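Report on one structure; see the data block that follows.
The values are calculated or read from the model by the stated rules, or taken from the named source; none is laboratory data. Computed from a predicted model, the values in this text were never measured in an experiment. FYI the Cβ positions are ideal-geometry reconstructions off the backbone, even for glycines, and counts take in every protein chain you see. Accessible surface is based on the protein model in full, side chains and every heavy atom, while ligands, DNA and RNA are left aside. Shrake-Rupley method; radii C 1.70, N 1.55, O 1.52, S 1.80 Å.
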Amino acid sequence: MRLTQRIVVIGGGVLGTMHAVAARRRGYEVVHLEREGEARGASVRNFGLVWVSGRRAGAELALALRARELWTELGAAVPGLRFRPAGSLTVAADDAELRVLKEAAALPDAVQRDFELLDPGAVRAANPALRGELAGGLLCRADAIVEPRQVLPALRGYLAREGYEWLPGREVTEIAPNAVRDHTGAWHQCDLVVLCPGAAFTGVVGRYRGYLARDGVRRVRLQMMQTAPLAERLTTAVADGDSLRYYPAYDLPARSLLLPQAPVAARTRAQLLMVQRADGGLTIGDTHEYDEPFAFDVDSDAYDHLQARAEALLGAAIPPVRRRWTGVYSEVSTGAALYHRSEPEPGVVLVTGPGGRGMTCAPAIAEETFR
Ligand SMILES: Cc1cc2nc3c(=O)[nH]c(=O)nc-3n(C[C@H](O)[C@H](O)[C@H](O)COP(=O)(O)OP(=O)(O)OC[C@H]3O[C@@H](n4cnc5c(N)ncnc54)[C@H](O)[C@@H]3O)c2cc1C
């Protein structure tokens, strides 16, 4: 007779993996299935930003702050995550952007975000690699960085001691009461199924699309690139003024007075985010495409724009670009939910749709599932 409850987690991305962590912490046995040989979705294609700064006041900020605490704990237990409490600098290029930063620094929850408004000299003192023209910056000490290509294997290594079975290369094709079947025909018995399919809405998820529609879950495609190592350290993550247009924390009176965006940035909904990887390379992005079917090719003008923005902030050429890729995430787009969780059948929990905050919030989302 099996005494310990067993959970099958479907999806080897950060949401599935954090659910595996949360389940093991509560003493459940976990069987973890991933259709690819290694997860290759949004969770390994992102910046690795644990991003508190731009979150909407209230529930979204609270979720991000709780996740930040959990990332800190995990970072101490799992060195392979390369968790770094590096903070971020959102840099204003002109007075209009600076006014938004000033209003953000005066928010009632600025202390929780650990915001500090910096003049140009203080920006350079905080991050000496930023030698370009700038009007000021907003330091957010609550922001942090992990290495997205290492997080999933590192967490699985941490889980592997006991009670955890990782089964890559298994696509789940059928979900029945208390069991799932993978494409090899093998059945996996369990007490609970946690389905974290990311942006895969066909196959076994197809019959649950009505649930996803309730939160307007949609897919978003982004363009990214990575350079050869920069010769010096970028001490913080960096965002440009275009990021003020997208993050809800900056929905402040001065936002309506921002100068028009460069046409290519407006067309591709681009903002500059720049993070230094542990090996010194710079991950640079991003763009946002909402209309499906998505382009199957990449937009060179968007890359040229992001490169120019990065070089304007650094006041120098970026190292040669070594890699370019796209990524797709799923996000809730209607109502107040921060992500989608439903129980489409007894004993089956579907969790997806955290959007651009999924890497940040995954540990807290998993915690909420088991609460
Ligand atoms: C370019 C980019 C940059 C981003 N930057 C950040 C950032 O810096 N910070 C942040 O907080 N968020 C960021 N995000 C968002 C974040 O990456 C996502 O929200 C998050 O990774 C979603 O995780 P997930 O596990 O739900 O999805 P995924 O990573 O897509 O994982 C889902 C997994 O499920 C598997 N799967 C699907 N169906 C089945 C099946 N039937 N059987 C078995 N396996 C299945 C898939 O193969 C996949 O591996 C970014 C996203 C992108 C695309």
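Mind checking which of Gly280, Gly203, Gly54 has the largest fluctuation in a GNM of the chain, springs on alpha carbons under 10 Å?
The residue that fluctuates most here is Gly203.
Cα convex hull of segment 182-279: mean projected area in nm², to one decimal?
12.2
Averaged across orientations, what area in nm² does the convex hull of the alpha carbons in segment 214-371 project?
Reported value for the Cα convex hull: 11.9 nm².
Under unit Cβ charges (Lys, Arg +1; Asp, Glu -1), what dipole magnitude, rounded to 20 debye, does segment 1-55 have relative to its Cα centre?
Once rounded to the nearest 20, the dipole reads 200 debye.
Using the Cα centre of segment 1-47 as origin and beta-carbon charges of +1 (Lys, Arg) and -1 (Asp, Glu), tell me which of Ala39, Thr17, Gly27 is placed farthest towards the positive end of the dipole.
Gly27
Say R0 is 30 Å: what FRET efficiency, to the nearest 0.05, do Arg207 and Leu167 get from their beta-carbon distance?
Using R0 = 30 Å, I get an efficiency of 0.85.
Given the options Arg68, Arg309, Arg26, which has the most mean-square fluctuation in a GNM of the chain, springs set between C-alpha atoms less than 10 angstrom apart?
Arg26
Quick check: pseudo-label points 7 Å beyond the Cα along Cα→Cβ at Asp94 and Tyr290, how many nm apart are they?
For Asp94 paired with Tyr290, the spin-label model returns 2.5 nm.
Report the Cα centroid-to-centroid distance between segment 165-185 and segment 313-371 in angstrom, as an integer.
23
Helix-only mean residue ellipticity at 222 nm, the chain, DSSP H runs n ≥ 4 weighted -39,500 (n - 2.57), per residue, nearest 500. What is it?
Result for the chain: -8500 deg cm²/dmol, rounded to the nearest 500.
Report the full-extension gain for the segment Gln112 to Ser300: residue separation times 0.36 nm, less the Cα-Cα distance, to one decimal in nm.
Length difference between fully extended and current span is 63.8 nm.
Suppose every Lys and Arg Cβ carries +1 and every Asp and Glu Cβ carries -1, with no other charges. What dipole size does the chain come out with about its Cα centre, to the nearest 20 debye?
With only Lys, Arg, Asp and Glu charged at Cβ, the dipole is about 660 debye.
Please name which of Pro320, Ala106, Leu212 has its Cα lying farthest along the dipole of the chain towards the positive end, using unit charges on Cβ (Lys, Arg +1; Asp, Glu -1) and the Cα centre as origin.
Positive-most Cα among the choices belongs to Leu212.
Multiplying the sequence separation of Glu232 and Ala262 by 0.36 nm and subtracting their Cα-Cα distance, what value in nm do you get?
Values: separation 30, 0.36 × 30 = 10.80 nm, distance 2.90 nm.
Extending this stretch completely gives an extra 7.9 nm.
I'd like the distance between the alpha-carbon centres of segment 1-79 and segment 232-306, rounded to an integer number of Å.
Result: 25 Å between the Cα centres.
Relative contact order, percent, of segment 291-371 when contacts are C-alpha pairs under 8 Å separated by at least 6 residues?
Value for segment 291-371: 18 percent.
Quick one: among Ala266, Ala42, Ala200, which has the greatest mean-square fluctuation in a GNM of the chain with alpha-carbon springs under 10 angstrom?
It is Ala266.
Calculate, axis by axis, the spread of Cα positions in the chain along the three principal axes, and write the results as whole Å, longest axis first.
67, 41, 41
Which value results when the Cα radius of gyration for segment 136-231 is divided by 2.2 N^0.38 Å?
Normalised by 2.2 N^0.38 Å, the Cα Rg of segment 136-231 equals 1.52.
Please compute the contact order of the chain in relative form: average sequence separation of alpha-carbon pairs under 8 Å and at least six residues apart, divided by the residue count, as a percent.
Numbers: 802 pairs, mean separation 97.5, N = 371.
The normalised contact order for the chain reaches 26 percent.
Over the chain, give the accessible area per residue in Å² for a 1.4 Å probe, as an integer.
So the chain comes to 42 Å² accessible per residue, rounded to a whole number.
Once you keep just the Cα pairs under 8 angstrom separated by 6 or more residues, what percentage relative contact order results for segment 113-201? Don't skip to the answer; put the middle values down first.
Details: 69 pairs, mean separation 14.9, N = 89.
Contact order relative to length: 17 percent.
Quick one: compute a quarter of the convex hull surface over the Cα atoms of segment 320-371 and quote it in nm².
About 5.5 nm², averaged over all directions.
How far apart, in nm, are two points set 7 Å out from the Cα along the Cα-to-Cβ line at Ala336 and at Ala308?
4.3
Trp325: accessible area at probe 1.4 Å, nearest 10 Å²?
It works out to around 40 Å².
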